[in-house]
Amino acid sequence: MAANESRIMAIPETHPEHEEYWKAAAEGKLIIKHCESCGEYHHYPRVLCPFCKSEKTTWKEAKGTGTIYTYSVMRKGSPYVIAFVTLDEGPRMMTNIIDCDWDELHIDQRVKVAFMQSGNQNNPGPCVPCFTPSMTENS
Amino acid sequence: MTIKGRAYIAGAFEHPMRKAPDKSVSAIHAECAKGALADAGLSFADVDGYFCAGDAPGGVHSMVDYLGLDVRHADGTDTGGSSYIAHVSHAAQAIISGKCNVALITMGGRPRSEGRSGVKQKIVGANVPEAPFELTYGPTAVNEYAMATMRHMHEYGTTSEQLAWVKVAASHHAKHNPNAMLRDVVTVEDVLSSPMIADPLHRLDCCVVSDGGGAIIVVSPEIAKSLNRPLIRVLGAGESSKGLLGGKADLTYSGAVRSGASAFAEAGVNSQDIKYASIYDSFTITVLMQLEDLGFCKKGEGGKFVADGNLISGVGKLPINTDGGGLNNNHPSGRGGMIKLIEAVRQLRGESHPKVQVNNCDLALVHGTGGGLASRHGSATLILERV
């Protein structure tokens, strides 16, 4: 069974310090924070690196590929798949898995980013990064 | 400074109602306060310290005013369902440092009457840093715990059958509790055939949604010894907070690793010494993971540990939640920590139902989780001794 994508995704609260993230998402790009001091990526984005506390954090475009760390199919109400995906750059992010057969999903499955618009037609919000099983999976 | 042996739990009260559409939340707090003070043999005039958490309408100031208290110490620490377990430790610290002598801790809520439950989208206030990057994906209490369960199954081979045993044990205890919301004994089969809520958690892997509340009284040793109640003293406590670690999230363990180690170190006892444990049971996975993290079994062996009735009083090695726990008895306001404290006090006093009372129960552990086991949460552990 395919996940029901008629669920309205809540419009995220936006702040000026995340402007680039949402702008990139609108262009179909996932950007994540990288620390110039310790070299670590982190997510969600912070002003100070959560590892070395440096303020030298910059946005980098992620490849947009990763693996499912864990997931759950929410069966109550309008169904959807919530997950944590480990990006190939390292960080794990909360997301939804879309355009998939949820009975075929599994941990360690390869996925790629796909953007969905939050809100609805009358009240559209920013595009948000979701993931979908990648065609090149060989696991 | 240690709190070991320097503060006592003198009073405990669990509100008998599980559905209270005609009571205000503040009224539930007040009735619980009165019940716990009566249990201790104290009055409102004796209270000089007050503690409450996020369920208390208007917080500390509104509640102190509503209850007509005259206190010289107040603490509104909110770590979700684990708050009240942390409050006992904070009350002990306040008593030792001379800030108060009689601390009242209250909790109450009516999610059942208000239609709140763990399948609803989480609501947080403005400016919560992670909110813009998470809420749009529909996190709820149940699917966050489900994601932790899924990963635990993947790494350790934990099964739904093993998780079901946690619910089976709770139901065997609840049948003896006339106030329990669910009193029917269930089988592993019953749990597995209940509707799937969020894979892999079934309906019967989830706690009840109940109205109600409770209160606890913590006092100085001098006051405890002046009262005509069994002496239950605080031996050790620990707290911690764990999150998603900047993107290096590990959903297979909880903050209990830290809070438990702190509490055992302060108490000078280990998990083998514990006769009874109140273990937070918002979901079956909560119990399994916390038992591992507290050291009752090795990491990854929680499934084996909880299976085959090992948590049932009189049957297994570690009786837990002999009131029926959050899974069957009571989980008011979606916050189970207060009820966990109350059943531990009953066990230590020998006041649990005779069918579930643990013989010579002189050492108990209480552990709570507040927030999402799969994401950000607080943990609080308390070790109590009957003198």
Quiz prompt | For the stretch A:72-96, residues shielded by at least 20 square angstrom of accessible area compared with the chain on its own, probe 1.4 Å | solution = A:72, A:73, A:74, A:75, A:76, A:80, A:82, A:84, A:92, A:94
Quiz item: In Å, the Kirkwood hydrodynamic radius of the stretch A:42-114 over pairs of distinct alpha carbons?
Solution: 13.6 Å
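Leaving ligands, DNA and RNA out of it, report the carbon-plus-sulfur percent of the accessible area of chain B at a 1.4 Å probe. Display every interim value, and only then the final one.
On the way: 6550 of 13160 Å².
C and S atoms contribute 50 percent here.
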Self-check item: the stretch B:108-212 - Rg over Rh from alpha carbon coordinates, Kirkwood radius
Solution: 1.02
Exercise. Give, in whole angstrom and from largest to smallest, the semi-axes √(5λ) of the equivalent ellipsoid of the stretch B:36-181, with λ running over the eigenvalues of the Cα gyration tensor.
Key: 35, 22, 16
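Consider all pairwise Cα distances in the stretch B:217-257 and report the whole-number % of them above 17 Å. Working shown, then result.
Details: 454 of 820 pairs.
Of all Cα-Cα distances in the stretch B:217-257, 55 percent exceed 17 Å.
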Self-check item: For the stretch B:239-387, projected area of the alpha-carbon convex hull averaged over all directions, nm²
Solution: 8.4 nm²
Quiz item: Compactness ratio of chain A: Cα Rg over 2.2 N^0.38 Å, N = residue count?
Solution: 1.08
Exercise. Any chance you could tell me what percent of the C-alpha pair distances in the stretch B:205-279 go past 13 Å?
Key: 80 percent
Quiz item: For chain B, what is the per residue volume of the convex hull drawn over the alpha-carbon atoms, in cubic angstrom?
Solution: 128 Å³
Quiz prompt | Other protein chain Cβ atoms within 10 Å, averaged over every residue that makes up B:236-249 | solution = 5
Quiz item: the stretch B:53-102 to the stretch A:74-92: how many Å between their Cα centroids?
Solution: 38 Å
Practice problem: Would you mind calculating the relative contact order of the stretch A:20-66 from Cα pairs under 8 angstrom and at least 6 residues apart, reporting the percent as a whole number? | Solution: 37 percent
Exercise. Collect residues whose amide H, placed 1.01 Å from N in the peptide plane, falls under 5 Å from the amide H of residue A:62; neighbours closer than 5 in sequence don't count.
Key: A:30, A:31, A:32
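Can you give the accessible area per residue of the protein assembly as shown, in Å², using a 1.4 Å probe?
Working: 19870 Å² over 526 residues.
Spelled out: the 1.4 Å probe surface of the protein assembly as shown, per residue, equals 38 Å².
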Quiz item: How many nm is it between the label spots at residue B:127 and residue A:134, if each spot is 7 Å from the Cα in line with the beta carbon?
Solution: 4.0 nm
Self-check item: Coarse-grained scattering of the stretch B:309-387 at q = 0.13, 0.26 Å⁻¹, given as base-10 log I(q)/I(0) from a Debye sum over alpha-carbon atoms
Solution: -0.41, -1.33
Quiz item: In a solvent-free Debye calculation with one equal scatterer on each Cα, what is log10 I(q)/I(0) for the stretch A:79-127 at q = 0.17, 0.23, 0.26 Å⁻¹, listed in the order of the q values?
Solution: -0.61, -0.97, -1.11
Quiz item: Tell me, what is a quarter of the convex hull surface for the C-alpha atoms of the stretch B:164-299, in nm² with one decimal?
Solution: 11.5 nm²
Quiz item: What's the lysine pair count for the stretch B:225-299 at a Cα cut-off below 26 Å, pairs eight or more apart or interchain?
Solution: 7
Quiz item: When only Cα pairs under 8 Å and 6 or more residues apart are kept, what is the percent relative contact order across the stretch B:115-207?
Solution: 25 percent
Quiz prompt | Angle in degrees between helix B:337-349 and the longest Cα principal axis of chain B, rounded to the nearest 10 | solution = 70 degrees
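If you take the alpha carbon radius of gyration of the protein assembly as shown and divide it by 2.2 N^0.38 Å, what ratio comes out, to two decimals? Intermediate values should be presented prior to the final figure.
On the way: Rg = 23.4 Å, N = 526, 2.2 N^0.38 = 23.8 Å.
Its radius of gyration relative to the 2.2 N^0.38 Å reference: 0.98.
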Quiz item: What is chain B's relative contact order, in percent, from Cα pairs under 8 angstrom and six or more apart in sequence?
Solution: 26 percent
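The values are calculated or read from the model by the stated rules, or taken from the named source; none is laboratory data. Everything quoted here is computed from the prediction, not taken from an experiment. Backbone-built Cβ (ideal geometry, glycine too); neighbour counts: all protein chains shown. With ligands, DNA and RNA removed, areas are computed over all heavy atoms of the protein, side chains included. Shrake-Rupley method; radii C 1.70, N 1.55, O 1.52, S 1.80 Å.
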